[in-house]
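**Student:** This is the structure I want to talk about, given as structure tokens.
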Amino acid sequence: MVPTIIGILVVIVAIFTLWRTLRIVPQARVFVVQRLGRYHKTAESGPLFMVPYMDKIQAKLDMREQV
């Protein structure tokens, strides 16, 4: 019984970690990425691979022209 619960928890943590690794940046948007609380990079549109538990998206900026 106990090994089954531990196995389920390990699978849940693994799925959550993979989910946090890949982000998709929409077109005409820019994400500001922080690593351990400091500026790391500005991600353009497309796939963004992040280091789980270390990287954080600080801001999601819209780059479209505002009239």
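The values are calculated or read from the model by the stated rules, or taken from the named source; none is laboratory data. All of these numbers come straight from a predicted model, not from anything done at the bench. Quick reminder, even Gly has a Cβ in these numbers, built from the backbone with ideal geometry, and neighbours come from all protein chains shown. SASA here: full protein model, heavy atoms, side chains in, ligands and nucleic acids out. Shrake-Rupley method; radii C 1.70, N 1.55, O 1.52, S 1.80 Å.
**Student:** Do you know which residues across segment 54-67 are among the charged types (D, E, K, R), within 25 Å of Ile15 (Cα to Cα) and open to solvent by 80 Å² or more (accessible area, probe 1.4 Å)? I'd like the intermediate steps shown before the answer.
**Tutor:** Residues of segment 54-67 that are among the charged types (D, E, K, R), as a first pass: 55-56, 60, 62, 64-65.
From what is left, the residues that are within 25 Å of Ile15 (Cα to Cα) are 55-56, 60.
Once the filter is applied, which keeps residues that are among the charged types (D, E, K, R), within 25 Å of Ile15 (Cα to Cα) and open to solvent by 80 Å² or more (accessible area, probe 1.4 Å), segment 54-67 yields Lys56, Lys60.
**Student:** Let me ask another. Among the residues of segment 33-48 satisfying the criterion of being open to solvent by 90 Å² or more (accessible area, probe 1.4 Å) and either under 26 Å from Val13 (Cα atoms) or of a type outside the set (Ser, Thr, Tyr) (or both), which is nearest to the chain's Cα centre (by Cα)? Talk me through it step by step, then tell me what you get.
**Tutor:** Taking segment 33-48 as the starting set, the residues that turn out to be open to solvent by 90 Å² or more (accessible area, probe 1.4 Å) are 36, 38-39, 44, 47.
Narrowing the set further to residues that are either under 26 Å from Val13 (Cα atoms) or of a type outside the set (Ser, Thr, Tyr) (or both) leaves 36, 38, 44, 47.
Working: Leu36: 13, Arg38: 15, Glu44: 14, Pro47: 10 Å.
Checked segment 33-48; the qualifying residue nearest to the chain's Cα centre (by Cα) is Pro47.
**Student:** Scanning segment 1-27 for residues that are open to solvent by 60 Å² or more (accessible area, probe 1.4 Å) and assigned to a strand (DSSP E or B), which turns out nearest to Arg64 (Cα to Cα)?
**Tutor:** Ile24
**Student:** Val33: touching an Asp or Glu at 6+ places or on another chain (Cβ under 8 Å) and touching a residue at least 24 places away in the same chain (Cβ under 8 Å), yes or no?
**Tutor:** yes
**Student:** Sticking with this structure for a sec: Give Val51, Val30 a once-over and let me know the one that is in contact with a strand residue (DSSP E or B) (Cβ under 8 Å, 6 or more places away or on another chain), surrounded by 10 or more Cβ atoms within 10 Å (Cβ to Cβ), β-branched (Val, Ile, Thr) and modelled with pLDDT of 95 or more.
**Tutor:** Going through Val51, Val30 in turn, the sole match is Val30.
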